[in-house]
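**Q** Below is the structure I would like to discuss, written out as C-alpha cells.
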Amino acid sequence: MHSPGRGFTATDTMLFLMATIWAVNFSVVKFATQIFTPLAFTGLRVAMASVVLIAIAIVSKSPWPGRRDILILLGIGVLGHGVYQLLFVEGLSRTRAGHAALIVAAAPAFIVVASRIRGIERVKRKMLIGIALSVVGVGLILSDSAHGAAGEATLTGSLLMVAAVLTWTTFTVLLQPYTLLFSPLKLSAITMVGGLVPLLVVSGPALAATEWAAVPMSAWAAVFYASILSMVVAYLFWYRGIKLLGPTRTSVYSNIQPVIALGIAWIFLSEIPTPWQAIGAGTIITGVLFTRA
C-alpha cells in the first residue's frame with residue numbers, strides 16, 4: 001500500500017471534497033424524502049448512479065475483474081449499496097440531518113477495529129489517538145443533540161443510522177483487498193449494480209406509486225446531487241482513498257462530515273448548532289489532524 005508523505009496532499013484534498021459532498025448530502029436527502037417516499041428515493045438514486053457508473057466503466061480501458069471476483073463484488077455491493085443505502089435513507093428520514101451526520105461520523109472507530117481484527121493494516125499510536133479524539137467529539141455532539149428540537153432525533157431513526165454505520169463498516173473492510181487489484185471505477189460500477197438489484201425489488205411498488213408529474217424541479221435536482229455527486233463522484237474518491245491510504249485513514253475523513261453537515265443543516269433546514277456541538281466539531285478536526293501526522 002502506498003505510504004503518503006507528510007503534509008496536506010492531493011489525496012487529502014480529494015478526500016476533503018468527498019467529505020464535503022457527503023456532508024451536504026444529508027440535507028439534500030432530508031429535503032428529498034419530504035417529496036419522495038424513502039423507498040422510492042433510494043431506488044431512484046441508486047438506479048441513476050448505476051447507469052452512469054456502468055456507462056463510464058464500459059468505455060474505461062481498465063481491466064474488468066474475473067467472473068468469480070465479479071460475483072463476490074456483486075454480493076459485497078448488496079451490502080454496501082443495497083442494505084446500507086436503504087438503512088441510511090430510512091434512518092435519515094426519521095431524524096435530523098445533523099444528528100444523522102454525527103452518527104455516521106462514528107464509522108472510523110468501527111472500521112479501525114474491524115481492520116485490526118482482520119489484519120488488513122497496522123494502526124499506529126497517533127492514529128488511535130486521532131480516532132479516539134474524533135469519537136469523543138462525536139460523543140459531545142451526540143449528547144447535546146439528544147436534546148434536539150421537537151424530539152426529531154427519534155430512537156428508530158438513530159437505530160437505523162447505527163445499523164447503517166455497521167453495514168458500511170463491513171462493506172469497507174470486505175472491499176479493501178479488491179481496491180489493490182482493480183480500478184475504483186470498475187469496483188464502484190460492479191458493487192453499485194449489486195446493490196441495485198435487491199433495491200429495485202424492494203422499492204418497485206413505491207416507484208410505481210410515485211406521481212412523477214407532480215415532482216418539482218428542486219426534487220429532481222436533489223436526486224441528481226444524491227446520485228451523481230454523492231454516489232458516483234464521491235464514491236470514486238472513496239475507493240481511491242482506500243487504495244492509497246487504507247480504510248482507517250480514509251474513513252477518518254467522514255468525521256469532517258458532521259462539522260460541515262451541521263452548518264448546511266443550520267442554513268437550509270434551520271437546525272441551529274449549539275456551543276457543545278462547536279466544541280465537538282473542533283475535537284473531531286483535531287482527531288483528523290492526528291491521524292495524518
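The values are calculated or read from the model by the stated rules, or taken from the named source; none is laboratory data. Every value quoted in this text rests on a predicted model; they were computed, and no experiment measured them. FYI the Cβ positions are ideal-geometry reconstructions off the backbone, even for glycines, and counts take in every protein chain you see.
**Q** Against the definition (touching a Phe, Trp or Tyr at 6+ places or on another chain (Cβ under 6 Å), surrounded by fewer than 21 Cβ atoms within 10 Å (Cβ to Cβ), farther than 18 Å from I131 by Cα and not β-branched (V, I, T)), how does P273 come out, yes or no?
**A** So P273 fits the description; yes.
**Q** Which one of these is at pLDDT below 75 and part of a helix (DSSP H, G or I): S203, S143?
**A** S143 is the lone residue from the list that is at pLDDT below 75 and part of a helix (DSSP H, G or I).
**Q** Still on this structure, I have one more. Consider only pairs whose beta carbons are under 7 Å apart and that are at least six residues apart or on different chains; among these, list those whose first residue lies in the stretch 83-95 and is farther than 12 Å from A40 by Cα and whose second residue is of a type in the set (K, R) and part of a helix (DSSP H, G or I).
**A** L92/K30
**Q** Consider the stretch 67-116. How many of its residues are touching a Gly at 6+ places or on another chain (Cβ under 6 Å), within 27 Å of I190 (Cβ to Cβ) and of a type in the set (K, R)?
**A** 0
So that you can scan it fast, the table gives a plain yes or no per residue for (1) touching a His at 6+ places or on another chain (Cβ under 8 Å); (2) modelled with pLDDT under 90; (3) closer than 30 Å to L39 by Cβ:
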| position | (1), (2), (3) |
| --- | --- |
| V113 | no, yes, no |
| R116 | no, yes, no |
| E121 | no, yes, no |
| G137 | no, yes, no |
| G151 | no, yes, yes |
| K186 | no, no, yes |
| T191 | yes, no, yes |
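**Q** Follow-up question, since we're still on this one. Check off (1) over 15 Å from L44 (Cβ atoms); (2) in contact (Cβ under 8 Å) with a residue 12 or more places away in the chain; (3) surrounded by fewer than 20 Cβ atoms within 10 Å (Cβ to Cβ) for V202 and give me the number that stays unchecked.
**A** (1)
**Q** Tally time: how many residues in the stretch 9-37 are free of Cβ contacts under 8 Å to residues at least 60 places away in the same chain and either among the hydrophobic types (A, V, I, L, M, F, W, C) or buried (at least 17 other Cβ atoms within 10 Å of the Cβ) (or both)?
**A** 1
**Q** Report the residue count in the stretch 211-226 for those that are farther than 21 Å from N25 by Cβ and surrounded by 14 or more Cβ atoms within 10 Å (Cβ to Cβ).
**A** 0
**Q** Any residue that is within 30 Å of P65 (Cα to Cα), hydrophobic (A, V, I, L, M, F, W, C) and in contact (Cβ under 8 Å) with a residue 12 or more places away in the chain - is there at least one of those in the stretch 254-272?
**A** Looking through the stretch 254-272, none of the residues is within 30 Å of P65 (Cα to Cα), hydrophobic (A, V, I, L, M, F, W, C) and in contact (Cβ under 8 Å) with a residue 12 or more places away in the chain.
**Q** Six or more apart or on different chains, Cβ atoms under 9 Å: show the pairs whose first residue is in the stretch 210-221 and in contact (Cβ under 8 Å) with a residue 12 or more places away in the chain and whose second is of a type in the set (F, W, Y) and part of a loop (DSSP other than H, G, I, E, B).
**A** Taking only residues 6 or more apart or on different chains, the pairs are T210/F36; V215/F36; A219/F36.
**Q** OK, next. Would you pick out the residues in the stretch 166-189 that are more than 13 Å from L79 (Cβ to Cβ) and part of a helix (DSSP H, G or I)?
**A** Correct list: Q176, P177, Y178, T179, P184, L185, K186, L187, S188, A189.
**Q** Sticking with this structure for a sec: Quick one: in the stretch 152-165, of everything that is in a helix (DSSP H, G or I) and not hydrophobic (A, V, I, L, M, F, W, C), which residue is farthest from S60 (Cα to Cα)?
**A** T156
**Q** Looking at I264, I242, I260 in this structure, which one is in contact with a Phe, Trp or Tyr (Cβ under 8 Å, 6 or more places away or on another chain) and β-branched (V, I, T)?
**A** Unique residue meeting the criteria: I264.
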